[in-house]
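Undergrad: Here's a structure for you.
The values are calculated or read from the model by the stated rules, or taken from the named source; none is laboratory data. Because the structure is a prediction, the values reported are computed rather than measured. In this analysis, Cβ positions are derived from the backbone assuming ideal geometry, glycine residues included, and neighbour counts consider all displayed protein chains. Surface areas here come from the heavy atoms of the whole protein model, side chains and all, with no ligands, DNA or RNA. Shrake-Rupley method; radii C 1.70, N 1.55, O 1.52, S 1.80 Å.
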2 protein chains.
Amino acid sequence: MLFFLLIFMYSSRMDEKIFKKITAIVGAAHCSRDIEEMHCYSYDSSKQTFLPEAVALPDSTDQVAALLKLADRYGFPVVARGAGSGTTGGALPTAGGLVLGTSRLNAILEIDPDNLIAIVQPGVITGEFQQELKKHRLMYPPDPASLKFCTLGGNAAECAGGPSAVKYGVTKDSVIGLEVVLASGEILNTGTRTEKGVVGYDLTRLFIGSEGTLGIITKIITRLQPLPEHKETFLLQSTSLIKATQLVATLLQQNILPCTLEYMDRTAIKLVSDLLPNPPGEDIQAMLIIEIDGSRQHVQEQVHHLKNLTQELTYCSLQHATSEEEVEEIWQARRSISPASYQLSKKKISEDVVVPRTRIPELVEFCESLAEQLGITILTFGHAGDGNIHVNIMTTDNSPEATTKALQAKTDLFHKVISLDGSLSGEHGVGITKSGFLQLELEETSIKVMRQLKNLFDPKNILNPGKIFPDHA
Amino acid sequence: MLFFLLIFMYSSRMDEKIFKKITAIVGAAHCSRDIEEMHCYSYDSSKQTFLPEAVALPDSTDQVAALLKLADRYGFPVVARGAGSGTTGGALPTAGGLVLGTSRLNAILEIDPDNLIAIVQPGVITGEFQQELKKHRLMYPPDPASLKFCTLGGNAAECAGGPSAVKYGVTKDSVIGLEVVLASGEILNTGTRTEKGVVGYDLTRLFIGSEGTLGIITKIITRLQPLPEHKETFLLQSTSLIKATQLVATLLQQNILPCTLEYMDRTAIKLVSDLLPNPPGEDIQAMLIIEIDGSRQHVQEQVHHLKNLTQELTYCSLQHATSEEEVEEIWQARRSISPASYQLSKKKISEDVVVPRTRIPELVEFCESLAEQLGITILTFGHAGDGNIHVNIMTTDNSPEATTKALQAKTDLFHKVISLDGSLSGEHGVGITKSGFLQLELEETSIKVMRQLKNLFDPKNILNPGKIFPDHA
C-alpha cells in the first residue's frame, strides 16, 4: 500500500493534459517542459541536480493560485524558485513536478518613505531593491552574499541573513506582512502595514523560513530604515585565532554595535590575501572586518571607542580603510573566500552553523583540531557578530573515502554545535542537505508539531515535498 | 447535538475528584476552589468578571504539564494568568474551569551578559526583571504601562508593547525562544539561544500573542541590549493637534529615532496638566513626549537635530526636562491619563488601535469629529511613534443609551482604522473585547487558517476557550 502510494506520488504526473492547463494559465511563452530548459531549473547552489517535469513563470498572484489549484487537483509537486542561490537544496524539484519560477513576479509595488515600508513581489532581486531604496535615502538591511542575483522571495522563504544581521537582524526582522498562496490555491494575507499589530496569530513568521513547504509567497511587506549617513570600515589582524574570536563578544558587550563583524581564519586569509589592501604577514591567524554605520558623529564616537579598546591589545592591529577602493578590496576578498576555496579542492561541504557568540572560540578550535585529526582542510569564516560561522569542509578528492571523511567531519561538527547550545543553520535553512540531522537539534515534540503544521497547510504534500523533514514523502 | 455538546463543555467539570488530583499535583497550599479566593482570579483590567471553578499555582513546568494532562483527560478549561493586567479579557475564565496562575513560576533562571540573553519563568514581573538587568548594565526594552506588576509571561502571551517600542520593538522582537506546555501536556521547546536559527518552522512567534489559546508558556528566552548610557526627555507643546501628529512621521524620516514618542490630545492634557512641570496654556492642543537614548554623544547629536528641526516650527515649543524630578513628573502625568480619565465618567471603552504613522492626523481628527457628532468625550493619547493610539471612549452614564452610543463610537472607530490601513490592536490583543470585530480586520481565509491552528494545537478546546475567535466554543 505504501509502495503503491509512493509510486503514485512520485511517478510523473505532468502529462500532456496537465501541461495544457498550465499553458492556459500562464501562456505558452511562459511555461515549458523541454528537456534543455528543464536543466536550467534543475540545480541550485547546493550543487545537486533534479530535473523538474515542467516550469511555469506566472506573472500574477491569480496565476499562482490557478497553478496551485491545478496541483491540488492532480497532485503534482510545486517547487517555488527565485534565483536558485540557496545552498541547501530548497529550490530543487527532488520529486519532479512543476518549478514555479518567480522571475516575472518582479515588481516593486510600493515604496512608502513616510511610513518606512515597501511592498514587493517575490521575484524582485534583493540588490536591485536596495539600489532603488537608496534613491529615497532608505535601506532594506538583509544583505546575503548573493544579493546581486538572489530574490526577496527566496530570502523570505529561507530567512536569509548576511553581514548586516549583527545590527539589523535577518529577513524575518524586516518583513511585517505577506501575501501567500496556500496549497489549496486560496490567497492568504498575513501581518499588517503597521509596525505593531496583534490581531490573531502571527502567521507571517510561520511562512518566513518555511522553505516553500507551507505556501508560495506572492507579496512581501518590508519594514525599511533611513539610510545611515556614514560608514567606516576596519580590518583587524590578529596573531591569535582564539583571542580574535573572543573579541567578538567583547565588542558587543562594550556597546560597540557594528553593522558588520565578519571573521576569517588563517586558511581563508591565505586564499584571498592577494586581494587585500595590505597582504597580512605570516603570523596572522585571524582577521575581523568591522564596519560602523550611523550619523557621522555616532560613527566617530564608536570608532574612537573601538580604537581605544583595541590599541591596548598586543595580539592585534587595526587598519582603517581610508578609501572606497580599500573598502571594496576588503569586501572583494571577503566575498571571494567561498569561490576561492575551490582552489583547495573541487568539492566541499559548506555549513552555516551558529553558536552563542562566546562559544565561537570553542567552535573554531574544534574545527582546527577536527581538520588535523582527519587530515583534511576546514575553513571557518563568516558572520561572527551573531555567532554564525561558515564552516567549509574541503574534500581531498572524489574518492568514497574522502567523501566519507568529509561527511564524518560534518556529523562531528553538528554534534559539537549542538553541545555548544548552537543551531545547525543560521541563514541557509534545512532543505535536503540538513534534513537528516533535524532530530539532532529539534526534540521529537518539535518535529511532530512541525510535521502537523506541514500536514495542516499542505495535506496532499504538493508544496516542495521532501524538504526539511527527513522522510517526508 | 450542538446544545448537548455546549452543555457538556461549559457545565462544571471541576468536581471533587478532579480537584483532589489538582491538589495532588501542586499541593493543598497552592490550589483552591473557595469562592472568596475565586473572586480574586475572576477579573482583569478589562473590568469584567468571570468566576473560575478552581485555581492552581504550579511551581514547575512538570506541574503545568501534569495539570494540562488532567485537563486534557477531563476536558476542563485552563486559563493562564499572570498579573491580570490585560485589558481585553485574555486572563478571564469566561468558560469556568481552572485558572493556572504563574505567580510561583517567578524565577530569573539565567542572565548571560556575554551573549546578551536571559532565561526567565513566565511569572517574573517585567519591572523587576528590568531592575535586575540594570545591575548588569543591560536592558530588556518592552515597557508596558503596567510594568510594575505585569508579568513577562502575560507580556509574551499578549505581545505587549510600550513607549519604547518605537525604537526597540514589542515583546515579540525581544523573545527568541520559549518552553511551552501544549494542551496534551507535552513540553515543546521553540527557538534557540542564538541570535540566528532557521532550523524548521518559527514556532516561537506562533505562541507570542496567541493569548494562551495554543499552549502555556513556561520559559522565555529573551534577547537583551546593553543599557544606554544616557537619556534626555522633552515635552513638545503644540497649538495644533494635526501638526503635532504630523510631526511624528517627520521626526522618524529625519533620522531622529527617539526611544519614546508619546502623544496626548487636549482632553488628556487637561486631565493631567496639574502634574506637569509647567502646566500648559489654554491654546495647547496636543503634546508629545520625546525621549532620546544612547551614548552621550549620540544623544547630544540627536537633541541638536531635534532642536533645529522644531525651532523653525511656529506652532510648537520644546521644553527640556532638566532634572530627574521633571522627567518623573512628565511620566507621572503620562501614566495618569488612563486612571484620571475616570474623572470624566465612571465607564469607558479603551482601544489601542494602530495606523501607519502618516495616518495619525486623520485618525485623531476623526475621533474629534466623532465625539462631537455623538456628544461624547473621546481621549486620544499613546504611542504615536509607532502609530499606536490609545482611544478612550468615555460613556456619559450607565444608561443603555449611553452604552449604545459608546459601542457605536467603537464600531465607527474600528471601521475608520481599517480604512486607514490600520489594525484593531497594537499591543492589547483580541481577547473577548475585540473578538466580535475579528472579521473586520482579517479575511475569511486568515480566520479559517487561525481556527485550524487552534484546532491543531488544542483539539479539545481546553486552552483559554472563547478567546480571539468570536464564536469558538
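Undergrad: Any residue that is surrounded by fewer than 23 Cβ atoms within 10 Å (Cβ to Cβ), under 29 Å from residue B:167 (Cα atoms) and in contact with a Ser or Thr (Cβ under 9 Å, 6 or more places away or on another chain) - is there at least one of those in the stretch B:416-424?
TA: yes
Undergrad: Just one of the numbered conditions (1) under 21 Å from the mean Cα position of the chain (by Cα); (2) within 14 Å of chain A (Cβ to nearest Cβ) is not true of residue B:300; which one?
TA: Of everything listed in (1) under 21 Å from the mean Cα position of the chain (by Cα); (2) within 14 Å of chain A (Cβ to nearest Cβ), residue B:300 misses just condition (1).
Undergrad: Tell me, yes or no, whether the stretch A:371-382 has at least one residue that is surrounded by fewer than 17 Cβ atoms within 10 Å (Cβ to Cβ), of a type in the set (Val, Ile, Thr) and free of Cβ contacts under 8 Å to residues at least 60 places away in the same chain.
TA: There is no residue in the stretch A:371-382 that is surrounded by fewer than 17 Cβ atoms within 10 Å (Cβ to Cβ), of a type in the set (Val, Ile, Thr) and free of Cβ contacts under 8 Å to residues at least 60 places away in the same chain.
Undergrad: Filter the stretch A:344-369 down to the residues that are outside any helix (DSSP H, G or I), among the charged types (D, E, K, R) and within 26 Å of residue A:162 (Cβ to Cβ), then identify the one that is farthest from the other protein chains (Cβ to nearest Cβ).
TA: Here the answer is A:347.
Undergrad: In the stretch B:120-140, how many are open to solvent by 20 Å² or more (accessible area, probe 1.4 Å) and under 21 Å from the mean Cα position of the chain (by Cα)?
TA: So the answer is 6.
Undergrad: Is it the case that residue A:407 is outside the structural domain of residue A:373 (by TED's automatic domain parsing) and either in a helix (DSSP H, G or I) or touching a Pro at 6+ places or on another chain (Cβ under 7 Å) (or both)?
TA: No, not satisfied.
Undergrad: Here are some residues: A:389, A:337. Which one is under 27 Å from residue A:470 (Cα atoms) and either outside the structural domain of residue A:286 (by TED's automatic domain parsing) or within 23 Å of the chain's Cα centre (by Cα) (or both)?
TA: On inspection, the qualifying residue turns out to be A:389.
Undergrad: May I ask you to say which residue of B:191, B:185, B:200 is at positive phi, crowded, with 24+ Cβ neighbours inside 10 Å and more than 14 Å from the chain's Cα centre (by Cα)?
TA: Going through B:191, B:185, B:200 in turn, the sole match is B:200.
Undergrad: Continuing with the same structure: Kindly establish whether residue A:409 is at pLDDT below 95, open to solvent by less than 10 Å² (accessible area, probe 1.4 Å) and among the aliphatic types (A, V, I, L, M).
TA: So residue A:409 fails the test.
Undergrad: Just to be sure, is residue B:257 within 14 Å of chain A (Cβ to nearest Cβ), touching a residue at least 24 places away in the same chain (Cβ under 8 Å), under 23 Å from the mean Cα position of the chain (by Cα) and surrounded by fewer than 24 Cβ atoms within 10 Å (Cβ to Cβ)?
TA: It is true that residue B:257 is within 14 Å of chain A (Cβ to nearest Cβ), touching a residue at least 24 places away in the same chain (Cβ under 8 Å), under 23 Å from the mean Cα position of the chain (by Cα) and surrounded by fewer than 24 Cβ atoms within 10 Å (Cβ to Cβ).
Undergrad: Just need a number here: residues in the stretch B:142-154 that are open to solvent by 10 Å² or more (accessible area, probe 1.4 Å), closer than 12 Å to residue B:427 by Cβ and free of Cβ contacts under 8 Å to residues at least 40 places away in the same chain.
TA: 1
Undergrad: Based on what the data block shows, is residue B:432 modelled with pLDDT of 95 or more and on the phi > 0 side of the Ramachandran plot?
TA: No; evaluated as a whole, the condition is false for this residue.
Undergrad: Here's another thing I want to ask about it. For the stretch A:303-343, which positions are open to solvent by less than 20 Å² (accessible area, probe 1.4 Å) and within 14 Å of another protein chain (Cβ to nearest Cβ)?
TA: A:303, A:306
Undergrad: Inspect the stretch A:461-473 for any residue being of a type in the set (A, V, I, L, M), within 24 Å of residue B:193 (Cβ to Cβ), more than 19 Å from the chain's Cα centre (by Cα) and not in a strand (DSSP E or B) and give the result as yes or no.
TA: Checked against the condition, which is being of a type in the set (A, V, I, L, M), within 24 Å of residue B:193 (Cβ to Cβ), more than 19 Å from the chain's Cα centre (by Cα) and not in a strand (DSSP E or B), the stretch A:461-473 yields no hits at all.
Undergrad: Which is within 14 Å of chain B (Cβ to nearest Cβ) and either touching a residue at least 12 places away in the same chain (Cβ under 8 Å) or of a type outside the set (Ser, Thr, Tyr) (or both), of A:390, A:415?
TA: Going through A:390, A:415 in turn, just one is within 14 Å of chain B (Cβ to nearest Cβ) and either touching a residue at least 12 places away in the same chain (Cβ under 8 Å) or of a type outside the set (Ser, Thr, Tyr) (or both): A:390.
Undergrad: Testing residue B:273 on (1) open to solvent by less than 10 Å² (accessible area, probe 1.4 Å); (2) farther than 30 Å from residue B:59 by Cβ; (3) under 26 Å from the mean Cα position of the chain (by Cα); (4) hydroxyl-bearing (Ser, Thr, Tyr), one condition comes back false. Which one is that?
TA: Against the list (1) open to solvent by less than 10 Å² (accessible area, probe 1.4 Å); (2) farther than 30 Å from residue B:59 by Cβ; (3) under 26 Å from the mean Cα position of the chain (by Cα); (4) hydroxyl-bearing (Ser, Thr, Tyr), residue B:273 comes up short only on (1).
Undergrad: Right, here's the next one. Looking only at the stretch A:108-118, decide whether some residue is of a type in the set (D, E, K, R) and more than 20 Å from residue A:191 (Cβ to Cβ).
TA: Looking through the stretch A:108-118, none of the residues is of a type in the set (D, E, K, R) and more than 20 Å from residue A:191 (Cβ to Cβ).
So that you can scan it fast, the table gives a plain yes or no per residue for (1) within 29 Å of the chain's Cα centre (by Cα); (2) open to solvent by less than 50 Å² (accessible area, probe 1.4 Å); (3) at pLDDT 95 or above; (4) not assigned by TED's automatic domain parsing to the domain that holds residue B:120:
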{"site": "B:6", "(1), (2), (3), (4)": "no, no, no, yes"}
{"site": "B:14", "(1), (2), (3), (4)": "no, yes, no, yes"}
{"site": "B:36", "(1), (2), (3), (4)": "yes, no, yes, yes"}
{"site": "B:46", "(1), (2), (3), (4)": "yes, yes, no, yes"}
{"site": "B:54", "(1), (2), (3), (4)": "yes, yes, yes, yes"}
{"site": "B:57", "(1), (2), (3), (4)": "yes, yes, yes, yes"}
{"site": "B:60", "(1), (2), (3), (4)": "yes, yes, yes, yes"}
{"site": "B:65", "(1), (2), (3), (4)": "yes, yes, yes, yes"}
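Undergrad: Another question, if that's okay. Out of (1) out of contact with any Cys (no Cβ under 7 Å at 6 or more places or on another chain); (2) at pLDDT 95 or above, what's the single condition that is false for residue A:23?
TA: Unmet condition: (1).
Undergrad: Right, here's the next one. Go through the stretch B:429-453 residue by residue and tally those that are part of a loop (DSSP other than H, G, I, E, B) and within 21 Å of residue B:95 (Cβ to Cβ).
TA: 6
Undergrad: Mind listing whichever residues of the stretch B:370-404 are touching a helix residue (DSSP H, G or I) at 6+ places or on another chain (Cβ under 6 Å), small (Gly, Ala, Ser) and assigned to a helix (DSSP H, G or I)?
TA: Correct list: B:384, B:385.
Undergrad: Tell me which strands (runs of 3 or more DSSP E) are completely within the stretch B:249-330 and hold 1 or more residues being within 30 Å of residue A:296 (Cβ to Cβ) and in the same structural domain as residue B:388 (by TED's automatic domain parsing), or say none if there are none.
TA: Passing ranges: none, list empty.
Undergrad: Counting residues that are more than 10 Å from chain B (Cβ to nearest Cβ) and more than 22 Å from residue A:449 (Cα to Cα), which helices (runs of 4 or more DSSP H) fully inside the stretch A:150-243 reach at least 2?
TA: The helices (runs of 4 or more DSSP H) meeting that bar are A:152-158, A:165-168.
Undergrad: Something else now. Quick one: in the stretch B:277-297, which of the residues that are within 14 Å of chain A (Cβ to nearest Cβ) and among the charged types (D, E, K, R) is most open to solvent (accessible area, probe 1.4 Å)?
TA: Filtering the stretch B:277-297 for residues that are within 14 Å of chain A (Cβ to nearest Cβ) and among the charged types (D, E, K, R), the one most open to solvent (accessible area, probe 1.4 Å) comes out as B:296.
Undergrad: Within the stretch A:77-86, track down each residue that is out of contact with any Asp or Glu (no Cβ under 6 Å at 6 or more places or on another chain) and crowded, with 24+ Cβ neighbours inside 10 Å.
TA: The answer is A:77, A:78, A:79, A:80, A:81, A:82.
Undergrad: Sticking with this one: Just checking, which of B:90, B:97 is on the phi > 0 side of the Ramachandran plot and buried (at least 21 other Cβ atoms within 10 Å of the Cβ)?
TA: Being on the phi > 0 side of the Ramachandran plot and buried (at least 21 other Cβ atoms within 10 Å of the Cβ) holds for just one of B:90, B:97, which is B:97.
Undergrad: Turning to a different aspect of this structure: Please work out which residue is surrounded by the fewest Cβ atoms within 10 Å (Cβ to Cβ), limiting yourself to the stretch B:434-473 and to residues that are within 12 Å of chain A (Cβ to nearest Cβ) and closer than 20 Å to residue B:408 by Cα.
TA: Per the criteria, the residue is B:439.
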